1. If you average the alpha carbon positions of the stretch A:112-160 and of the stretch B:135-201, how far apart do those two centres end up, in angstrom?
2. Taking the Cα centre as origin and putting +1 on Lys and Arg beta-carbons and -1 on Asp and Glu beta-carbons, what dipole magnitude results for the protein assembly as shown, to the nearest 20 debye?
3. I'd like the Kirkwood hydrodynamic radius of the protein assembly as shown, using the inverse of the mean 1/r over distinct C-alpha pairs, in Å.
4. Return the average number of partner chain Cβ atoms within 10 angstrom of each residue Cβ along peptide A:256-264.
5. Go through the stretch A:141-152 residue by residue and turn each phi into a ³J(HN,Hα) via Karplus (6.51, -1.76, 1.60, θ = phi - 60°); whole Hz please, and just put x for glycine and proline.
6. Angle check, please: helix B:165-178 long axis (alpha carbons) against the longest principal axis of chain B (alpha carbons), in degrees 0 to 90, nearest 10.
7. Which percentage, to the nearest 5, of the DSSP beta bridges contained in chain B is antiparallel?
8. In a GNM of chain B with a 10 Å cut-off on Cα contacts, which of B:VAL187, B:VAL31, B:VAL50 has the highest mean-square fluctuation?
Amino acid sequence: MLKFALKNMLTKKVKMILIIMSIVISASVAILAYNVAEQVNDGLINTTSTYDTIIGPAGSSTQLAMNTLFFTDKPLGTISYEYVEQLEADSRVNVVIPFAMGDSYNSAKIVGTKPAFLDGKELKEGEMFGDVFEAVVGSSVAKKFGLSIGDELVTSHGLSENGEKHEATPLKLVGILDETNTAYDNVVFTDIETVWKVHEHHHDEDEEGEEHEDRDEDHDEHEAEGHTHEEDHDEDEEHEGHAEEGTVCAIILKCKTLAYAEEVKKEFASNSEILTITPAEVIREIINNVDLSRKIIYILCVIIMIMNVFVISTITILNMYDSQKDIALMRLIGIGTGKVNVLFLIQNAVIGLISTAISFGISRLCLHFMSDFVASMGIVLDASKIYPFEWVIMAAVFVISVLPTLICTVHISRKDIIRN
Amino acid sequence: MIRTENLVKRFDGDTLIKYKDITFEDGKSYVLLGASGCGKSTLLNMLAGVITPSGGSVYFDDEEMSRKSQKKKDKFRIEKIGYIFQDFKLIEEMTVEDNINVLKLEGVKTSGMDEVLSKLGILQKKKKKVKQLSGGERQRVAIARAFVKAPDIILADEPTGNLNYEIGKSVVKQMLEIAKGKTLVAVTHDDRLADLFDCIIDMNDIASSHSESEVELDA
């Protein structure tokens, strides 16, 4: 029966391809939309659960959270490292992690921090950075640029690929992180001191080249007054957010209790140059907005599926009426209605299966390509991740492909065969 | 043996055809001759169980078939009857082989396909698509499909209707050759072929067309 059904399908290749294409287009969009919405949501939730407080320069709380947790956007600026030392001495705080960003390796952002920032992340190869100019890269960075342990990474000034190269201060790759399917996969991690040293060297080169000895003095004076490098160079886009020695872009905290976290937050609230946020709250706000988008995506999915029903039903019905002659022929030579129904049901089940499989494949392919795109925004889409509801969508697509056939064949095969 | 009793077929509108009782004996070939519209094909379709008579009965070896369920009639047709249609009833896009193998859907064995195709002289066309065949070849494929299951009864509705006389005659001869020993009832309007069959039945002698009102008046 299956063999005959396949042969019968092959006699109508063009029609079958058109039917499959129409199903695939709508089904893959529905599967893809759902998966992306879920993965973005999951990615945001997972990342916020580790730390309870982030301290950074005054500015946008969303930017601070997204920059520190997802490595997106530019840092708000810098604050003094003295705050780190102050918090390290604070008995209410368990974990204090300095965070600096400003340079890049090709398109991958470089984060200056402490090894503690990577607690819970497994190393696939090598070891954690310990000395200055040592670096650990995320799995996607290693894969993308074909890196292996011992390689030298020549970083660029700024976050764009076209920044000035730090040829004199390359980083030595000492470790590669295991795949985490998070934003960590797209980042180069090094010690905070490395960031400072690279900048110090870069700054010296700048000053030598431009013969700005006077300005160097001004700079030292300003630093002594507690001014950050960022404040001195407000107009200088290239230097925006760069952590010079003694400064960090953010401080990430894990307090002993939530009550302590609130206390610390309150203490810093009085400082107008400092912004203190609870990442969970900020991200919840973002998720609420994303959730609205998610609802829109679900509505779109439902609309697509309804369109699917109409498109598939129409094509199937037209196809079935086109097959009336074949059905009548089979009925005339004595093939029972049951067998005819099963034959066409098998045909449409095959179409349904092929369409569903292709839709799934296309959605994964799109996820794979989208992953590279959204990785720059700090979200890693895992093409192998399948949500249970995706099976529901695929099952619905299959049923939609088969159901109209069932109705049509029953209707057609019940007609007076001699009239067909 | 096939026997009809008081067969009547009513059509949409005002007409009905009444048939006199006929008996088709085993192993003989019959040809029903008559002009278009005299009820030849209708009779054949009622014998085959494709349509249900409005009145009367059809018996196969004293078993009344016309009142049985469509499922039983289908089963009987696929197992016992080889039906050859005027317009071949073949799937154009499929090969000769596949058109015969369609019977497998109902579990009919088609292992004798090559032998039948060979007898009909179209074995070499087995893998060809029906749409690539000539009218005569198509009719032979339709005959092959009817004979491959070795049926007890063969019904042929205008088997030469789409062929010229010479080809038609050769096709009928081949058909009769293969049908030897079986009951064959063929319908044709070409009386030149009649002599090839064992018995000739003139439809004018056994079927009469009436209007509904006429019948009511008689009653």
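1. 85 Å
2. 10000 debye
3. 31.6 Å
4. 0
5. 5, 4, 5, 4, 9, x, 8, 9, 4, x, 5, 9
6. For helix B:165-178, the angle is close to 90 degrees.
7. Values: 18 of 36 bridges.
Around 50 percent of the beta bridges assigned by DSSP in chain B are antiparallel ones.
8. It is B:VAL50.
Quick note: the coordinates plus some simple rules give every number you see, no bench work behind them. No experiment lies behind these values; they were computed from the predicted model shown. Here the Cβ is made from the backbone with ideal geometry for all residues, glycine too, and neighbour counts use every protein chain on show.
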